[in-house]
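The values are calculated or read from the model by the stated rules, or taken from the named source; none is laboratory data. All values derive from a computational prediction rather than experimental measurement. A quick note on method: Cβ atoms are made from the backbone with ideal geometry, for glycine too, and the neighbour counts reach across all protein chains shown. Note: accessible area is taken over every heavy atom of the protein model, side chains too, but ligands, DNA and RNA are not part of it. Shrake-Rupley method; radii C 1.70, N 1.55, O 1.52, S 1.80 Å.
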Amino acid sequence: PRDVDQLRLTDLAGLPQLRSIRVLDHRLKAQHIDLSIPPGQPIEQVQIVADHFDPAPLAGSPTLTYITLAGNTEPFSVAALANLPNLVKLDLAEARVADIASIAAFPALRVLTLNAHQWDQLFTSGWTPTQLAAAAVAGHATVAESARWLAAIHGPDHPAPQIRTIHG
């Protein structure tokens, strides 16, 4: 636990075995979190829960495969993350995102977790979940929102599954 105004991931330089970073600023003490990962650092997983951050610097880390972003008060852009060739899992359910439709450009994305409102925005953009192996609606979704999501995620050409779990 650190009580700081600014946190920089570049402070992690020199840790060649580091693969996962978790910044859980639940008390929202840090005024700024710089998500620039040191060049050559083979980080595979990042989980950020904080008030203020910009995910764009993460796009410079081609080894990233899992990203969870949450807790921000001002919407941010995720478009730069489309430059991550190995990003297979993304969770933005507890984040405020300005350009959710840009997820359509993520080349390797296979697992996506969003809240009901974000899913609605993504489906409204015309995106279809053909490349996904798994998807989840998280956050505070009503049963009706969860049911709408289930119908949309399967699409009109797929039969309804025999077993369903809806958390609402």
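Quick one: in the stretch 114-152, which of the residues that are in contact with a Phe, Trp or Tyr (Cβ under 8 Å, 6 or more places away or on another chain) and modelled with pLDDT under 85 is least open to solvent (accessible area, probe 1.4 Å)?
Among them, the one singled out is Ala141.
For residues that are of a type outside the set (Ser, Thr, Tyr) and surrounded by 17 or more Cβ atoms within 10 Å (Cβ to Cβ), scanning just the stretch 52-69, find the one that is modelled with the lowest pLDDT.
The residue in question is Phe53.
Between Leu28, Leu35, which is within 17 Å of Glu94 (Cβ to Cβ) and modelled with pLDDT of 90 or more?
Answer to the check: Leu35.
Quick one: in the stretch 25-51, which of the residues that are open to solvent by 60 Å² or more (accessible area, probe 1.4 Å) and either not basic (Lys, Arg) or not in a loop (DSSP other than H, G, I, E, B) (or both) is farthest from Asp99 (Cα to Cα)?
Per the stated criteria, the residue is Gly40.
For the subset of the stretch 93-113 comprising residues that are open to solvent by 40 Å² or more (accessible area, probe 1.4 Å) and within 16 Å of Ala79 (Cα to Cα), which member is nearest to the chain's Cα centre (by Cα)? Break it down into steps so the answer makes sense when it comes.
Taking the stretch 93-113 as the starting set, the residues that turn out to be open to solvent by 40 Å² or more (accessible area, probe 1.4 Å) are 94, 96, 98, 101, 104-105, 107, 110-111.
This time we only want the ones that are within 16 Å of Ala79 (Cα to Cα), so: 96, 98, 101, 104-105, 107.
Numbers: Arg96: 10, Ala98: 13, Ala101: 13, Ala104: 13, Ala105: 14, Pro107: 14 Å.
My answer is Arg96.
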